[in-house]
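Asker: Before we start, here is the structure in question, set down as structure tokens.
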Amino acid sequence: MERALERFLRYARIDTQSKDDAETYPSTAKQLDLLNLLAQELRGLGLKDVAIDQYGYVMATIPSNLPATHPGHGKVPAIGLIAHVDTSPSTSGADVRPQVIENYKGGDITLRGDPTVVIRMAENPELTKNIGKTIVTTDGTTLLGADDKAGIAIIMTAAEQMLTNPNIMHGDVRVAFTPDEEVGNGTKFFDIKRFGAQFAYTVDGDRLGELNKETFSANLATITVHGRNIHPGTAKNVMVNSIRAMADIITRMPKQIAPETTEGYEPYIHPHALQGEEAKSTLKILLRDFNTAGLDVLKKRLEDIIAEVQPLHPKARIELTITEQYRNMRDHMGNDTRVLDCLWEAARRAGVEPKWVPIRGGTDGSRLTEKGLPTPNIFTGGNNYHGKTEWLSVYAMEKSIDAVVSLVQVWAEKSLPV
Ligand SMILES: [Zn+2]
């Protein structure tokens, strides 16, 4: 059997960076390099119904191995396992050269491709837990792509174990690999019906033992200021400079309700992207709250700011629009608590201390859960996602494999008639 680490290293070297605002799906064709490879490898491992659709979604089945005489035969719900192939547009994913550090001794790690990039112990308390163990870093010039190629390696290795070890008793298990998660489109064309799982898990978390059943609820606010442009030489009493009005708006954004000053369950208002010239300025603002109704409170804050700024710029026209992005998966998780209970139990059986951690962001599971497929998230062992200091704990990755293999067995046991 190929070790999960070897799998991960192979996948990490394939450039699968996705791209914002693309016209195509997937956003970059190179994601298909890995998606096609995975389809081929799934067939090689002996999974059934392996298919890649027109959008690039790869799906496959590990059929139930419960014998007809088993009391759970035909009663265990189909369980889905999902990971994404793309890496973040924020840092290059080309020519990734993973550095494997065996028997990590502790201390800061200076990356050989760019000595200015240092993984510091002070900023990475997880490193201490990996002393004497194997970790993987970048060479300092790219991201690593543990997000989410660690998840792919975990699912592939767990699938191989399920197919080769008859002692692992399980119902139908469905596997999916998806493109474009990092650009918010991972589930855009995901066919939940065709997937056919009743409950699913994304293997796309980070630190050892961390499980996620809650994400932010998210809206995008856009403030547009319409001014009036004219040559500056003849602008007196005519020009309405939208940039000045926008600046007054931005200075009023609450600094105590910002990503830089909040954590845990605290909400935020985050000015995120700005474009402007005299005639028109546009500001995109991320509104985030675990409590979905709280998004209206954040919107009200923006309305109050606009109401205060408008009289200072009477000739400017200020607009606010709100677009729904995703919802806290907790809102739609449903009444069947097995999806969470089985995950908790599986992590314990893998010998880790499970912990529910709220995600200050969204996952593909946020949208899948909203669309009717409850999909919490499991740790992979990755750290510092989307940047050059990204690193992977191989120990945590292996624990995640154990948890996933336990998960399908716990489901088979919990679904027995009592
Ligand atoms: Zn991810």
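Asker: Summing +1 for each Lys or Arg and -1 for each Asp or Glu, what net charge is found among the other residues whose Cβ lies under 9 Å from the Cβ of residue 228?
Answerer: On the way: positive: 315; negative: 278.
Local net charge: 0.
Asker: Follow-up. Among 171, 302, 332, whose Cα projects farthest towards the positive end of the dipole of the chain, with charges put on the beta-carbon of Lys, Arg (+1) and Asp, Glu (-1)?
Answerer: 302
Asker: Could you work out the local net charge near residue 99, counting Lys and Arg as +1, Asp and Glu as -1, over the other residues with Cβ closer than 10 Å to its Cβ?
Answerer: Around residue 99, the surrounding residues sum to +1.
Asker: Okay, next question. Rounded to a whole number, what is D in µm²/s for the range 46-113 from Stokes-Einstein with the Kirkwood radius over alpha-carbon pairs (10 °C, 1.306 mPa s)?
Answerer: 91 µm²/s
Asker: Another question about this same structure. Assuming R0 = 45 Å, can you tell me the calculated FRET efficiency for the pair residue 97 and residue 293, based on Cβ-Cβ distance, to the nearest 0.05?
Answerer: The value I calculate is 0.45.
Asker: Sorted from largest to smallest, which semi-axis lengths in Å does the alpha carbon gyration tensor of the range 1-141 give for its equivalent ellipsoid, taking the root of 5 times each eigenvalue?
Answerer: Equivalent-ellipsoid dimensions as semi-axes: 35, 24, 13 Å.
Asker: Return the whole-Å distance between the Cα centroid of the range 225-281 and the Cα centroid of the range 8-31.
Answerer: Answer, in whole Å: 33.
Asker: How long are the three semi-axes of the equivalent ellipsoid of the chain, in whole Å, if each is the root of 5 times an eigenvalue of the C-alpha gyration tensor, listed from largest down?
Answerer: They are 42, 25, 20 Å, listed largest first.
Asker: Nearest 20 debye, what's the magnitude of the dipole of the chain about its Cα centre given +1 on Lys and Arg Cβ and -1 on Asp and Glu Cβ?
Answerer: 380 debye
Asker: Given +1 on the Cβ of Lys and Arg, -1 on the Cβ of Asp and Glu, and no further charges, what dipole in debye does the range 18-110 carry about its Cα centre, rounded to the nearest 20?
Answerer: I would put it at about 460 debye.
Asker: Rounded to the nearest 500, what is the chain's calculated 222 nm mean residue ellipticity when only DSSP H runs of at least 4 contribute -39500 (n - 2.57) each, over all residues?
Answerer: Here the helix-only value at 222 nm equals -8500 deg cm²/dmol.
Asker: So, counting K/R as plus one and D/E as minus one, what does the shell of residues with Cβ under 15 Å around residue 71 add up to?
Answerer: +1
Asker: On to the next question. I'd like the distance separating the alpha-carbon centroids of the range 308-361 and the range 79-118, in whole Å.
Answerer: 27 Å
Asker: Still on this model: Cross-link list 19/371; 299/388; 188/355; 19/149; 236/315; 30/399: which exceed 23 angstrom alpha carbon to alpha carbon?
Answerer: Too far apart for the 23 Å limit: 19/371; 299/388; 188/355; 30/399.
Every number here is computed from the coordinates shown, using simple stated rules; none is lab data. Computed from a prediction, not measured in an experiment: that's the story for all the values here. Counting neighbours? That spans all protein chains shown, and the Cβs are built from the backbone with ideal geometry, glycine included.
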